[in-house]
Amino acid sequence: MYGRVYASIFQRASNHTLSLYATATSQYAQVAACPSQSLPVQQGHFSSWGTSRLSQGSCGGEESENWLQTGRHLSTRQDLCFQLNQVQINSILRSNEQTVNVPEFDGRGLNAVRKFESNQLPANTPNEDRRSAATCLQSKGMLFGVFDGHGGSACAQAVSERLLYYIAVAMMSKHSLEELEKCMEHGRPVPPILQWHKHHTDFNYRESASLYIDHLRVFWQELLDSEEHDEGMSPQDALDRAFRRLDADISLEAQVPLPNDLMRSTAIQVAFAGSTACVAHVGTDGIHVANAGDCRAVLGVQNEDGSWCAVALSKDHNSQNQAEVERIIAQHPPSERDTVLTDERLLGVLMPLRAFGDVRFKWSSELQQNILNSLESGVDLDALNLYQYTPPNYRTPPYLDVTPDITYHKLRPQDHFLILGTDGLWDELSSEEAVRLIGEHLSGIHLQAPVSPSERQLKLGQMHELLQKRRARASPALDTNATTHLIRHALGTGDYGELCQERLASMLALPEDLARMYRDDITATVVYLNHDLAKRHHS
């Protein structure tokens, strides 16, 4: 999520390299366009951690230095080729797609979820987005999450592995937690807490597994010591507690001695990187969504006339959210009112205003320095995405936290699906567009409003444009997986709402050093709800 992280800080790239970058960008803008349309470079838009001004190098400064130092290949005019055919396009779009059907009964009652579909399309190399899905085995419901990393994928990876465990443990009864503890004490197999639904490309930090288990155990031991934790926390309380506790553990693990250098460097890398998170618990009583950052959860609702509408179940934590801006400003002295947020970024650097990790915005400068200095000499800090750097106007930390906003929605018969997406999806589609695309894909019905009296007065060219848009909406879907359908339209929609093969091919064929200039990593999960269950509750 933040390929050009320190664009304003590291400006030592040669003019020759930057001119090559400009040449490649210019060539792309010419070649990548569909007939009669162009595809502008979205300058500085996708860097979650970096400056927002092109004049400060947000389209290549930081990465350019890395190319010079490491010899990474920089695309030039000769490298750009956008002639992908339909088979190649489909292969790229479908390589990370996932479909999981959920049994109607799980042995404990009816499921609120019928199935879910998910997909990812990276722009960064490696992908900085992560996704998770699991069924709670010691409590009720299913958990789904999307995680948008910045400063590398380390934090998003750790959070995607761990957060759902913390939530599930917090919802477990004291009796179930006692069974876990007895098994750990006597070396017996521990009853499974979650049934994970993983894609074959998902992986875990194996070298840190023992550390993660130890700290999860400390968490459930503290819950056991609490007199109030008899039947387990409600989903709302569990989500809030889990977000804050995991972030505290990430911070702690980067400060304490660990068994080996690999585990320690991983812990520090996780803490200094960052990740936003949007997690949904779906149960028979409804949906709880916890959000920290600029991922988003949207409910797809079908109206009585068959049309679709979007219901927001989260709020983006960025500079466009005025309430969030005022919340952060109020936490610091009046003298910092003009510096806490600069260029729509926290301290002029970070776009999301809540996140896991990102201790560079939470710890004191002295603590940051001590931790980085404690790494063994010879450790390549650049390779770990670690830099000796303090954000400007860093006076009264912490400036950032991960406390989630939590929304509850009681399921209704008209609620058909839930979309979770990282901001790479919402950069390309509005919530309403995404719901319409999934709704029409689900029903196979493309509703067209009657031609209005004003539309009947259109000139010939305007009428042609209207007909093109209506024809585009009636085109049959190319994908069985709805999230693939969503990503295809997010990147390949033309001026009239039609799928433009040339535009889609150009977006997918971009070399890795250019892709991040035009789009972000995209992750989408669609959860199909058991609205028959909601009908029974309403009858």
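The values are calculated or read from the model by the stated rules, or taken from the named source; none is laboratory data. Predicted model, so just to flag it, every value in this text is computed and none were measured. A quick note on method: Cβ atoms are made from the backbone with ideal geometry, for glycine too, and the neighbour counts reach across all protein chains shown. Please note that ligands, DNA and RNA were not included when accessible areas were found on the heavy atoms of the full protein model with its side chains. Shrake-Rupley method; radii C 1.70, N 1.55, O 1.52, S 1.80 Å.
Condition check: closer than 30 Å to LYS410 by Cα and either polar (S, T, N, Q) or crowded, with 21+ Cβ neighbours inside 10 Å (or both). Does TRP220 satisfy that? When the stated conditions are applied, TRP220 passes them. Of all the residues in the stretch 323-338, those that are of a type outside the set (Asp, Glu) and more than 15 Å from LEU400 (Cβ to Cβ) number 5. If you go through the stretch 176-217 one residue at a time, how many are in a loop (DSSP other than H, G, I, E, B), farther than 15 Å from GLN138 by Cα and open to solvent by less than 60 Å² (accessible area, probe 1.4 Å)? Selection size over the stretch 176-217: 4. Restricting attention to the stretch 99-119, the residues that are open to solvent by less than 20 Å² (accessible area, probe 1.4 Å) and closer than 30 Å to GLY152 by Cα total 4. Taken over the stretch 120-158, the criterion of being within 16 Å of the chain's Cα centre (by Cα), modelled with pLDDT of 95 or more, open to solvent by less than 10 Å² (accessible area, probe 1.4 Å) and not aliphatic (A, V, I, L, M) is satisfied by ASP129, PHE144, GLY145, PHE147, ASP148, GLY149, HIS150, CYS155, GLN157. Summed over the stretch 371-425, residues that are part of a helix (DSSP H, G or I) and buried (at least 22 other Cβ atoms within 10 Å of the Cβ) total 3.
Entry remark, the stretch 428-458: residues being surrounded by fewer than 16 Cβ atoms within 10 Å (Cβ to Cβ) and at pLDDT 65 or above number 4 in total.
With respect to the stated conditions, ARG162 fails to be in a strand (DSSP E or B), more than 12 Å from GLY274 (Cβ to Cβ) and in contact with a Phe, Trp or Tyr (Cβ under 7 Å, 6 or more places away or on another chain). Pull up the stretch 161-175, narrow it to residues that are open to solvent by 10 Å² or more (accessible area, probe 1.4 Å) and touching a Gly at 6+ places or on another chain (Cβ under 9 Å), then point me to the one that is nearest to ARG516 (Cα to Cα). Filtering the stretch 161-175 for residues that are open to solvent by 10 Å² or more (accessible area, probe 1.4 Å) and touching a Gly at 6+ places or on another chain (Cβ under 9 Å), the one nearest to ARG516 (Cα to Cα) comes out as MET171. Looking across the stretch 240-253, the residues that are surrounded by 24 or more Cβ atoms within 10 Å (Cβ to Cβ) and of a type outside the set (Val, Ile, Thr) come down to ALA242, PHE243, LEU246, ASP247.
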